[in-house]
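> One structure coming up, written as structure tokens, with questions to follow.
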Amino acid sequence: MSSLVEQPRGIELADRPADVAMNMGWTAQAHEWATTVDHKKIGIMYVVMSIVFLVIGGIEAILMRWQLFYPRSKVLDQDTFNQLFTMHGTTMVFFVGMPILIGIGNYFVPLMIGARDMAFPRLNAFGFWVTLFGGVMVYMSYITGGAPAVGWFAYAPLTSNTFSRGAATDFWALGLIVSGIGTIAGGVNFIATILGMRAPGMTLRKVPFFVWTMLWTSFQILLAIPPLTAALTMIIFDRQLGAHFFDVPNGGSAYLWQHLFWFFGHPEVYILILPVFGMVSEIIPVFSRKVLFGYEFMAAATMGIAFISLSVWAHHMFCVGMGRMPDLFFAVATFLVSIPTGIKFFNWLATMYGGRIWFASPMLFSFGFLSMFLIGGLTGIMLGAAPFDFQLSDSYFVVGHFHWVLIGGTLFGTFAGIHYWYPKVTGRMLSERLARWQFWLLYIGFILTFGPMHISGVLGMPRRIYTYDAGHGWEIWNQLSTLGALIQVPSYAILVYNLITSLWKGKPAGDDPWDAWTLEWMTTSPPPSYNFEEVPTVHSRRPLWDLKHPEDPDWQYE
Amino acid sequence: MDVIGQCALLAAVRGSPGNMSIFAPASPGAHSIVDLAILTFVVTGLIFVVVEGVLLYSVWRFRQPRVEQTGEPPQVYGSMPIEVAWTAAPTLIVFFLVLVTTRTLWDVEKTQPKSKPGDNTLFVNVIGHQWWWEYVYESYDGRILGFVTANELHMPVSDDDTMRPVYLTLKSADVCHSYWVPRLAGKVDLIPGRVNSLMLETKEPGLQLGQCAEFCGAQHANMLLRVNVDTPEEFERWLANESKAALEESAVADGRAKFLAQSCVNCHAVRGTPARGTYAPDLTHLMSRQTLASGIIENTPETLADWVRDPQPIKPGCLMPAFGLTERDQQLIVRYLLSLR
Amino acid sequence: MTQPASDLPVPPPIAPERMLKPAQWGMASFLLSEVAFFCTLIATYVAFMGKDTVGPTPAQALSLPLVIATTICLLSSSVVIHFAERSLHRGEQKRFLFLLAGTAALGIVFLLGTAIEWRTLIVDHHLTIGRNLFGSTYYTLVGFHGLHVTVGIVAMLIVLVLAIGRELTEKFRNGVELVAWYWHFVDAVWIVVFLVVYVASRSSGA
């Protein structure tokens, strides 16, 4: 490894956040975390919050799978089940998926661009606390006598007072408005940081790929979340002030809600996947020991996805009777997304090809991402073929598809990122042995859970049903799904165990355990609160490669 | 893997009455969707094999534990011709998919014609309710029908000489629902404030199952669909019976009086009586239906009595409450209902 | 930090980038999200134009004279804050304070005008948010715009309080610039709202 790693930094031990924390009482520590504006601590809090919600959402999923194990089973009643899938979807999208990516971005975007913090540290802290508060608020609905039971896309007029009595739906809508404000704050912060605070020499064409994807994710956040905020406000006004937005007998429109929701909802999917594209685009090169193949094309493909994703929302609405021409338009737009996505895929493969692939845990999870996300993308093409979607829409096939994208894509990629960057955050390595157990249990359990859903969907099983009759050939596939879900459980337990125990049991990591190339590996692990003693100067996309190979630096080729 | 499982399963379930597989189409529309589906399966399957193949090959061929690594491999920054090639390939595939999708789309989405004599065409309004289906029979073969029934659709079967399609006009009385009988057609949503349309046509007589596919509240799971495809003669007989007002048997006059005196009539209708409620299924020919509660239980004297006593244990959350009838009143009412053939 | 040996390749010198400051990017991207928000409300307003089952319609309820007056106030305030900024950059602190107070005052006049208009609508025309779709969409759109005007006025008052009797720094000037951006945005939104609500829906509604 390079001599860089051993370079003395001249940083007092007490400056390192982890060491400072060790010398404090727990109240002082809690105060420290609650009032911090350090992007790294906020990032950690985002990730911890997401993992807590991941466990909650997972428990909800297990309960649902238990109910569906047998036809006409009576484990849960219909209201409980309907509340569970509403909360499961809401939790996983708004309080796991987005915050975990924003959290990782929070920690690493400033480090990767050689900045000392985010552009607006206090706004950053505000964003986190507001997001957390939104999540708590949605769960507060339980103490009003039950969670909302409207589904995470909450089709009007099911959300009206007539069909959803009680306060649960109000808590849900308000919670999402509040956490949405936090997300927008995060998006604003990322854009200001990435566009305004890059290290000298790091032009926009030279930013690490993860930073580039976070930039476009942030633009999507800014364009997609506000329409949701507006639409949720309309729900609140309908419910609390007697407005008529979605009140059909008085001229309101149930159809409008679907357009507004999916105008948010589809870009949301890309908000959840673009940062992951960024993470694996950092990891695959490092563990293949090759530069990212076709950076410019990858960058352009990211932009392409970000733009096209704004015009595909109504592919969630093929069955509402839009007519042939709109159906065709949205089918074509949906197919078009597969072109930039394909470009990305081929470039990842080309990066690996001819490399020296080291299967440490980050690479293993990246492999999981590549092999599984592909399938999610391909079933997405099937759903994009509008007439095929007339059959598949709202069936278990769709449930299988989007879990394949969100677990096979987002979650595997995020776990790759967590295993890649944990040493930087804590100064300790995660246990490779546990990581391997976690990976294979997840890989097998995941395929077994969501593979059969494609089949039960094709066999006519609609989503969101709390029970079903025997005799349609659905039983075996549901039982396999439940079995798969049970196999996944220990995998998440291992992750949490590994994350916690490695804090003190893990091997010391050093500054640059993976012999990587981006700026975050230049500073100590964990980094000091000011990140870099001296703001680095950058000449290429791989500044550390340039330092480690002064005889053949990257800037000659870019 | 999915495809193999699918084939095995098709063999097992095909022909059984519970089959709701979209890969066992029983109508021209469902058939053209299957054709499109198989085409997309093949295309995506090929992509799958090639890409996973390259991935696995790279992983196997180029893996090397860190300890064995010396120096760095040659760095390749990219290649314009290669990028152009693998942009062009998916673009061509997309172009092909757009063509076949368009063809199927025009195949499947039919505009509704006007009813006229000799067209052998049935027109039915379908109104989705929480959690049951209302069918308003408009006309058949140019004849005005104008009766209402619930939960079980009857339609005539087509044969090689004559097409007997049914055009459904889909509306909702409350929240969004979706009409899905997988073997007959793709689903179409019933959205309050909108009017949608769906065409069914099949040469396969017998029962087709389906269910509501858009989450519509507590009992969404139990909003089942039953389509009885009758021979033309059976269908005409059924039409003739349904067109009549309810039978008035003197033997159940007491029950009839009890029924009309209770709040049943606020929601239910029985043609030919003062009961004209529209919030719940029309009961005029209740006993011509095979099931109760939108298809979840068989329609027998016992289940009917259970249902009248208290529907909540059978379909929890459904909008019909238990009325706390005396045992005698309840027996009288059930006996009256049993006479509604 | 790189000290290349004589035989190693020397990187080209780094040309400084000329881009906006982080705070400017922040405000610009925040305003982008606001554009998305108001576009949704405006699209909803347009989608429901003429769909009412009961009156009053925009043509019956909305009267132009008052709103034209308030519109002139709001739009001219954009000009005033522009001159306020100019005097700030020239170091004319008194003039700056006067013009900024003028901007806030014009904003307050706009809000008062809205208040009077709403009172007329509610008392004379019985138009509330629950009356009909026009009421729902109108109060939501105009209300959220009014909320943004209010936030802008509060921001300007804070700037005023901070500026009185103090040396104005570079950082302060940058902050004022962002407030001005925000204020111009609020005015621009009003132009669209005015055209949609008071021109298009008023002339299309029966």
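The values are calculated or read from the model by the stated rules, or taken from the named source; none is laboratory data. Because the structure is a prediction, the values reported are computed rather than measured. Glycine gets a Cβ as well: all are built from the backbone with ideal geometry, and neighbour counts include every protein chain shown. Areas reflect the complete protein model, heavy atoms only, side chains present, ligands, DNA and RNA absent. Shrake-Rupley method; radii C 1.70, N 1.55, O 1.52, S 1.80 Å.
> For region B:319-334, check the following and say yes or no: at least one residue is open to solvent by less than 20 Å² (accessible area, probe 1.4 Å) and in a loop (DSSP other than H, G, I, E, B).
Looking through region B:319-334, none of the residues is open to solvent by less than 20 Å² (accessible area, probe 1.4 Å) and in a loop (DSSP other than H, G, I, E, B).
> Are any of the residues in region A:253-266 within 14 Å of chain C (Cβ to nearest Cβ) and not in a helix (DSSP H, G or I)?
Yes: one or more hits.
> Looking at region A:307-321, can you tell me whether even one residue there is among the polar types (S, T, N, Q) and either at pLDDT 95 or above or buried (at least 20 other Cβ atoms within 10 Å of the Cβ) (or both)?
Yes, that holds for at least one residue.
> Need at least 1 residues that are open to solvent by 30 Å² or more (accessible area, probe 1.4 Å) per element, so show me which helices (runs of 4 or more DSSP H) inside region A:88-201 make the cut, counting only ones lying wholly within it.
Once the helices (runs of 4 or more DSSP H) in region A:88-201 are filtered for at least 1 residues that are open to solvent by 30 Å² or more (accessible area, probe 1.4 Å), what remains is A:121-140, A:168-196.
> If you go through region B:262-282, how many residues are under 18 Å from B:Ala293 (Cα atoms), open to solvent by less than 60 Å² (accessible area, probe 1.4 Å) and touching a His at 6+ places or on another chain (Cβ under 8 Å)?
The total comes to 4.
> Taking region A:403-445 on its own, how many of its residues are open to solvent by 10 Å² or more (accessible area, probe 1.4 Å) and small (Gly, Ala, Ser)?
Total meeting the criteria: 2.
> In region A:548-558, which residue that is facing another protein chain (nearest Cβ under 7 Å) and surrounded by fewer than 21 Cβ atoms within 10 Å (Cβ to Cβ) is farthest from the chain's Cα centre (by Cα)?
A:Glu551
> Does A:Ala243 satisfy the condition of being touching a residue at least 12 places away in the same chain (Cβ under 8 Å) and over 26 Å from the mean Cα position of the chain (by Cα)?
no
For every residue, the table says whether it meets (1) in contact with a strand residue (DSSP E or B) (Cβ under 6 Å, 6 or more places away or on another chain); (2) within 26 Å of B:Val76 (Cβ to Cβ); (3) open to solvent by less than 10 Å² (accessible area, probe 1.4 Å); (4) of a type in the set (Val, Ile, Thr).
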| residue | (1), (2), (3), (4) |
| --- | --- |
| A:Ala254 | no, no, yes, no |
| A:Gln258 | no, no, yes, no |
| A:Phe261 | no, no, yes, no |
| A:Gly265 | no, no, yes, no |
| A:Ile271 | no, no, yes, yes |
| A:Gly278 | no, yes, yes, no |
| A:Ser281 | no, yes, yes, no |
| A:Lys290 | no, yes, yes, no |
| A:Ala300 | no, yes, no, no |
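> Can you name the residue in region B:202-214 that is over 9 Å from the mean Cα position of the chain (by Cα) and open to solvent by less than 10 Å² (accessible area, probe 1.4 Å) and, of all such residues, is nearest to the other protein chains (Cβ to nearest Cβ)?
Checked region B:202-214; the qualifying residue nearest to the other protein chains (Cβ to nearest Cβ) is B:Glu214.
> Next question, about the same structure. Hey, B:Tyr179 hits all of (1) open to solvent by less than 10 Å² (accessible area, probe 1.4 Å); (2) away from chain A (no Cβ under 14 Å); (3) aromatic (Phe, Trp, Tyr) but one; which does it fall short on?
It is condition (2) that B:Tyr179 fails.
> Cβ-Cβ under 7 Å, sequence separation 6+ or interchain: first residue in region A:167-180 and in contact (Cβ under 8 Å) with a residue 24 or more places away in the chain, partner outside any helix (DSSP H, G or I). Which pairs?
A:Ala168/A:Gly146; A:Ala168/A:Ala147; A:Ala168/A:Pro148; A:Thr169/A:Pro148; A:Thr169/A:Val150; A:Thr169/A:Thr159; A:Trp172/A:Pro148
> Could you tell me whether region A:163-173 includes any residue that is on the phi < 0 side of the Ramachandran plot and within 9 Å of chain C (Cβ to nearest Cβ)?
No, that holds for no residue.
> Also, I was wondering about something else. Considering only region A:343-370, how many residues are in a helix (DSSP H, G or I) and in contact (Cβ under 8 Å) with a residue 24 or more places away in the chain?
Residues in region A:343-370 being in a helix (DSSP H, G or I) and in contact (Cβ under 8 Å) with a residue 24 or more places away in the chain: 17 in total.
> Here is a follow-up. What are the pairs with Cβ atoms under 8 angstrom where one residue, in region A:515-531, is free of Cβ contacts under 8 Å to residues at least 60 places away in the same chain and the other, located anywhere, is open to solvent by 10 Å² or more (accessible area, probe 1.4 Å)? Sequence gap at least six, or different chains.
none
> Could you list all residues from region C:97-140 that are within 14 Å of chain A (Cβ to nearest Cβ) and open to solvent by less than 40 Å² (accessible area, probe 1.4 Å)?
Once the filter is applied, which keeps residues that are within 14 Å of chain A (Cβ to nearest Cβ) and open to solvent by less than 40 Å² (accessible area, probe 1.4 Å), region C:97-140 yields C:Leu127, C:Ile129, C:Gly130, C:Asn132, C:Leu133, C:Phe134, C:Gly135, C:Ser136, C:Thr137, C:Tyr138, C:Tyr139, C:Thr140.
> Taking the condition outside any loop (DSSP other than H, G, I, E, B), at pLDDT 95 or above and surrounded by fewer than 18 Cβ atoms within 10 Å (Cβ to Cβ), does B:Val54 pass?
When the stated conditions are applied, B:Val54 passes them.
> Here is a follow-up. Within the set of pairs 6 or more residues apart or between chains, which connect a residue that is at the interface with chain A (Cβ under 10 Å from one of its Cβ atoms) and open to solvent by less than 30 Å² (accessible area, probe 1.4 Å) inside region C:33-62 to a residue that is assigned to a helix (DSSP H, G or I) and of a type in the set (Ser, Thr, Tyr) with Cβ atoms less than 7 Å apart?
C:Phe37/A:Thr229; C:Leu41/C:Thr140; C:Thr44/C:Thr137; C:Phe48/C:Thr137
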